[in-house]
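One structure below.
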Amino acid sequence: MIKELPYDTAVTSRITKGNGAESDPKFSPDGKWISYLAHADEDANTGPLRIHLIPAGGGDLRVLGRKFDGYISKYQWVDDSQKIVFLAGLGVRAHIFSMGIGNSPAPQAPQAPQAPQSQAPQAPQAPQAPQAPQAMTRDEGVSSDFSMTADGMTIVYIHENPRMPAEVVYLSSRVMIPVLITRLNPQIEPVALGQVETIRWKSSDGALIEGLLYYPIGYQTGNRYPLITYIHGGPEGAYTRGLNSSWMAFPQIYAGRGYAVFMPNFRGSSNYGARFAQANARLAGKIDYDDIVTGIDDLIKKGLADSERLAIAGWSYGGYLSALMIGKTNRFKCAVYGAGLSNAVSYWGTADIVSQRERLHGGAPWEARKSYEDQSPLTWLRNAKTPALIFHGEKDERVPLGQSQETYRTLKRLGVNTQLIIYPNEGHVLTVPSYQLDKMRREFNWIDKFIGSRQPGV
């Protein structure tokens, strides 16, 4: 919720009515509007964020860009208080957009009554609706932050693409030609990188799903390649067309070793609108599972992926789905994942958030017992045979360490080849560089051991 705190009374009062998460409140430059970020459904905690406006003096709520499918992460007012510039992920890209707020119902300062005048009445002016978002940047790739002049005419932003790490770019709206003003990593320019393609396929129910495919360096049509599938966290996240070079996922390193890498944006992901983001409610571990495996099947059918050399990897929600997958199928030759849920009931009782799980299951454990059971990897792991390398931070509060310990004990009890690596004092993500590098090395060696590319000279 958003509250107002007058400096003279120090007494807070609530100015928003929604029950969902709200963030980043700002006054418009003219002081007439209060803006903030919240989900389109104010009582929800999922789906794309929207810019909400309320008159500073009280009045009706306005939600900008209701039909916009992008996921807004940052915004800034233009000094005329008639336009907002914002950053949003849309599909596999992220760009900077601008949007007019419209002029009705525009809040007005109180005025003294005027004496009646003898003139013909004028027809009321038609209200102007908020404008649809207009893209200001169209560069190939992903913008991740921006700053602009007060008039909105000049922007500097951070941008990366499949061949370029993050750099600072200058853009004047007068010429609309982006100018690269930093060159921080020239050493990567001569490095051979795998081709990146945005791909689409139909899931088992006919829904169209999108993702990224990294081709191995030296790819030749007709040859089949080992395939690594990375599953993103969230589930409200999305893979985008950046360099994608973090410790969580490093597809270009694998491309250089002769692997193909598949990065799907399954239902439940952001960047595709509210309906897509909320499609996994009560269907987690089912609808997203189908979206991913049908994408893998499509790559096998097209002759690119070797069905005998498949690996699965992920972190957080991606770790959860990885654990679920090795319980539901033995098609993967190995799995590498971290910070993944294994037992939905014990997770509900120990994690620092429960609202997401209750949304995905349809209630608390005693209200949706079957859903908690069906969506728990432990229910399915009795069938597991896939060698699994598991990572976890010792101090993880989002997905407590016990979740991976339950998986590890189960797999060891079943005689499955498994290892559990615990990083001391780390939380839900690894922050110590040496731990990040250790995780990357262990992951690479594990995957190479079981589905090695067999591509000499790479």
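The values are calculated or read from the model by the stated rules, or taken from the named source; none is laboratory data. Just so we're clear, the structure is a prediction, and the values are computed from it rather than from any experiment. Cβ sites come from the backbone with ideal geometry, for glycine too, and all protein chains shown count toward neighbours.
Residue 356 fulfils the conditions (1) at pLDDT 95 or above; (2) of a type outside the set (Asp, Glu); (3) under 21 Å from the mean Cα position of the chain (by Cα) except for a single criterion, (1). In segment 156-165 there is no residue that is outside any loop (DSSP other than H, G, I, E, B), assigned by TED's automatic domain parsing to the domain that holds residue 267 and either crowded, with 19+ Cβ neighbours inside 10 Å or polar (S, T, N, Q) (or both). Restricting attention to segment 402-435, the residues being free of Cβ contacts under 8 Å to residues at least 12 places away in the same chain and closer than 14 Å to residue 378 by Cβ number 3.
Say we look at segment 268-297 and pick out the residues that are aliphatic (A, V, I, L, M) and modelled with pLDDT of 90 or more; which of these is nearest to residue 359 (Cα to Cα)?
287
Among the residues of segment 355-367, the ones that are part of a loop (DSSP other than H, G, I, E, B) and either among the small types (Gly, Ala, Ser) or exposed (fewer than 14 other Cβ atoms within 10 Å of the Cβ) (or both) come to 5 in all.
Scoring residue 81 on the criteria (1) in contact with a Lys or Arg (Cβ under 7 Å, 6 or more places away or on another chain); (2) assigned to a strand (DSSP E or B) leaves a single failure, condition (2). Close contacts from segment 58-81, counting a first residue that is touching a residue at least 60 places away in the same chain (Cβ under 8 Å) and a second that is in a strand (DSSP E or B) and among the small types (Gly, Ala, Ser), with Cβ to Cβ under 7 Å and a gap of 6+ residues or different chains, come to 70/88; 70/89; 71/88; 71/89. Take the conditions over 22 Å from residue 425 (Cα atoms), out of contact with any helix residue (DSSP H, G or I) (no Cβ under 8 Å at 6 or more places or on another chain), hydrophobic (A, V, I, L, M, F, W, C) and in the same structural domain as residue 430 (by TED's automatic domain parsing) and apply them to residue 348. Does it pass? Answer is no for this residue.
Taking the stated definitions as given, is residue 381 of a type outside the set (Asp, Glu), assigned to a helix (DSSP H, G or I) and under 25 Å from the mean Cα position of the chain (by Cα)? Working first, answer last.
Working: of a type outside the set (Asp, Glu): yes; assigned to a helix (DSSP H, G or I): yes; under 25 Å from the mean Cα position of the chain (by Cα): no.
No: the conditions fail for residue 381.
Contact map, segment 134-157: residues that are under 19 Å from residue 28 (Cβ atoms) paired with residues that are part of a loop (DSSP other than H, G, I, E, B), Cβ distance under 6 Å, separation 6+ or inter-chain. Pairs shown: 150/79; 151/79; 152/78; 153/173.
Within the group 393, 452, 349, which residue is touching a strand residue (DSSP E or B) at 6+ places or on another chain (Cβ under 9 Å) and either more than 23 Å from residue 329 (Cβ to Cβ) or among the β-branched types (Val, Ile, Thr) (or both)? Exactly one residue qualifies, and that residue is 393.
Select from segment 216-239 the residues that are closer than 29 Å to residue 270 by Cα and surrounded by fewer than 19 Cβ atoms within 10 Å (Cβ to Cβ) and list them in ascending order. Lay out the reasoning, then the answer.
Filtering segment 216-239 for residues closer than 29 Å to residue 270 by Cα gives 216, 226-239.
234, the sole residue that qualifies.
Screening residue 206 with (1) exposed (fewer than 13 other Cβ atoms within 10 Å of the Cβ); (2) in contact (Cβ under 8 Å) with a residue 40 or more places away in the chain gives one miss only, at (2). Candidates are the residues of segment 167-187 that are outside any loop (DSSP other than H, G, I, E, B) and touching a residue at least 24 places away in the same chain (Cβ under 8 Å); the one that is surrounded by the most Cβ atoms within 10 Å (Cβ to Cβ) is 171.
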